[in-house]
Each structure stands twice: as C-alpha cells, then as structure tokens.
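**Q** First the structure, which I've put down as structure tokens, then a few questions once you've had a look.
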Amino acid sequence: MLVLGSLPGEESLRRSEYYAHPRNLFWPIVAALFGAPVPDRYADRLALAARHRIALWDVVGIGDRHASSDATIRLHQPNAIDRLLDEHPGIRGLAFNGGTALRLFDRHFTRRADLVYLALPSTSPAHASLGFTEKFARWQVLRDRIEAD
C-alpha cells in the first residue's frame, strides 16, 4: 500500500522525516496496527512500515503554503505518482492520509480500476476532532487490506 500525504509539514521538512511532528499520530497508529511499539529512531520507523508493505509519499512534490496548514496549499505541482505506479506494479492500493491528499490526488490523477483506494482520517495534530482511538479504528482498514493481499 502506498500511503499518500498532502505535503510535508514544517517539522517534517526540517527533519527530513515523514510525519515528524511529535503530536502526529501516524507512527503510533501504524505501530498499533501491527502490535509493535513505536520505534524511537526514524530508520526503524521506516523499517516497520516496509516490513508491513507500506510505502510513503506525498501527492504534492512542490507547493506553497502557510505554516503546516493543508488549507493554505497553493501553487503546487504533484509528484509523479502515475510513473511510480507504472514502475512498481506491486503497489495494489493507495491510502490517503486525510481529505486534502485525496482531493489533490483526484484533481491531478485518474483513478485506476486495478487499485484499491482508502480515504483515511488525517493523523495530523491539526485534525484533533478525532482522537487516537477513533483514528486508529478507521485506519484498521489499511491493515486489513494489506493482510488480504
């Protein structure tokens, strides 16, 4: 599964790490999905994702926004997701980390009939209307989909 965010936030850009903000729930959710502790080191977090056949990228490759707010993304160019999918036919589905990632994907790309698409709630701390428990419950479809393949 390819998990797509919208565009890295300030902390992720500063540290060159996906989901680097300490209050982002992505890594705690992924770890919990597979019954693992959240690794402290980023390399170990990536290894956890890879071990469970999760790849990470963002819909937007270049963009302008204020702070880390998805609502302010402007003047953006998408990543070459079509090319990635063509070059890696083992990717069987896309999971969108939040509504902005899904909207931006649908604006720039045509969905493929042979892929599964999962719309998941954002793990960002900016989307605090759902807590860990509810987000975790909704993200379980990712694990179920991975295990079905």
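The values are calculated or read from the model by the stated rules, or taken from the named source; none is laboratory data. The model shown is predicted, which means the values in this text are computed figures rather than measured ones. Quick reminder, even Gly has a Cβ in these numbers, built from the backbone with ideal geometry, and neighbours come from all protein chains shown. The area values use the complete protein model at the heavy-atom level, side chains included, leaving out ligands, DNA and RNA. Shrake-Rupley method; radii C 1.70, N 1.55, O 1.52, S 1.80 Å.
**Q** List the residues whose amide H sits under 5 Å from the amide H of residue 127, counting only those 5 or more places along or on another chain, with H placed 1.01 Å from N in the peptide plane.
**A** Sorted by chain and number, the residues that satisfy this come to none at all.
**Q** Kirkwood Rh over alpha-carbon pairs of the chain, then Stokes-Einstein at 25 °C and 0.890 mPa s: what D in µm² s⁻¹, rounded to an integer?
**A** After rounding, the answer is 157 µm²/s.
**Q** Going by average Cβ neighbours within 10 Å, how do the peptides 127-133, 105-111 rank, with the highest at the top?
**A** Sorting 127-133, 105-111 by mean packing, highest first, produces 105-111, 127-133.
**Q** Between region 117-131 and region 10-40, what is the separation of their alpha carbon centroids in Å?
**A** Using only Cα atoms, the two centres lie 13 Å from each other.
**Q** Where nothing but the Cβ of Lys and Arg (+1) and of Asp and Glu (-1) is charged, how large is the charge dipole of the chain around its Cα centre, in debye to the nearest 20?
**A** 140 debye
**Q** Moving to a separate point now. Of the heavy-atom accessible surface of the chain (probe 1.4 angstrom), what whole percent is carbon and sulfur?
**A** 51 percent
**Q** Per 0.36 nm of contour for each residue apart, how much would the distance between residue 111 and residue 126 grow if the chain were fully extended, relative to their Cα-Cα spacing?
**A** Stretched fully, the residue 111-residue 126 segment lengthens by 2.6 nm.
**Q** Once phi is turned into θ = phi - 60°, what whole-Hz ³J(HN,Hα) does the Karplus curve with 6.51, -1.76 and 1.60 give for every residue of region 34-50, x standing for Gly and Pro?
**A** 10, x, 10, x, 6, x, 6, 7, 4, 4, 6, 5, 4, 5, 4, 4, 4
**Q** Another question about this same structure. How would you classify region 74-149 from its alpha-carbon gyration tensor, with a ≥ b ≥ c the square roots of the eigenvalues: rounded for a/c under 1.5, else prolate if a/b is greater than b/c, otherwise oblate?
**A** The shape class here is oblate.
**Q** Give me the 1.4 Å probe accessible area per residue for the chain, excluding ligands and nucleic acids, in Å².
**A** Per residue, the chain has 54 Å² of solvent-accessible surface.
**Q** Right, something else. Under 5 Å between amide hydrogens, which residues at least 5 positions from residue 61 or on another chain qualify, with H placed 1.01 Å from N in the peptide plane?
**A** 77, 79
**Q** In addition: Using a 1.4 angstrom probe with every protein chain in place, what is the largest-first accessible-area order of 15, 92, 112?
**A** Ranked list, largest accessible area first: 92, 15, 112.
**Q** Under a 5 Å amide H to amide H cut-off, with H placed in plane at 1.01 Å, what residues pair with residue 120 once short-range neighbours are removed?
**A** 96, 98
**Q** Let me ask another. How do the peptides 76-87, 21-32 rank, highest first, by the average count of neighbouring beta carbon atoms within 10 Å per residue?
**A** Averaged packing, sorted descending, gives the order 21-32, 76-87.
**Q** Turning to a different aspect of this structure: Per DSSP H run of at least 4 residues, take -39500 (n - 2.57); add these up for the chain, divide by its residues and hand me the 222 nm value, nearest 500 deg cm²/dmol.
**A** Helices in the chain give a 222 nm mean residue ellipticity of -11500 deg cm²/dmol.
**Q** Whole-Hz ³J(HN,Hα) for each residue in region 23-28, computed from phi via Karplus 6.51 cos²θ - 1.76 cosθ + 1.60 with θ = phi - 60°, x for glycine and proline: what do you get?
**A** Values per residue, Gly and Pro as x: 9, 6, 8, 4, 5, x Hz.
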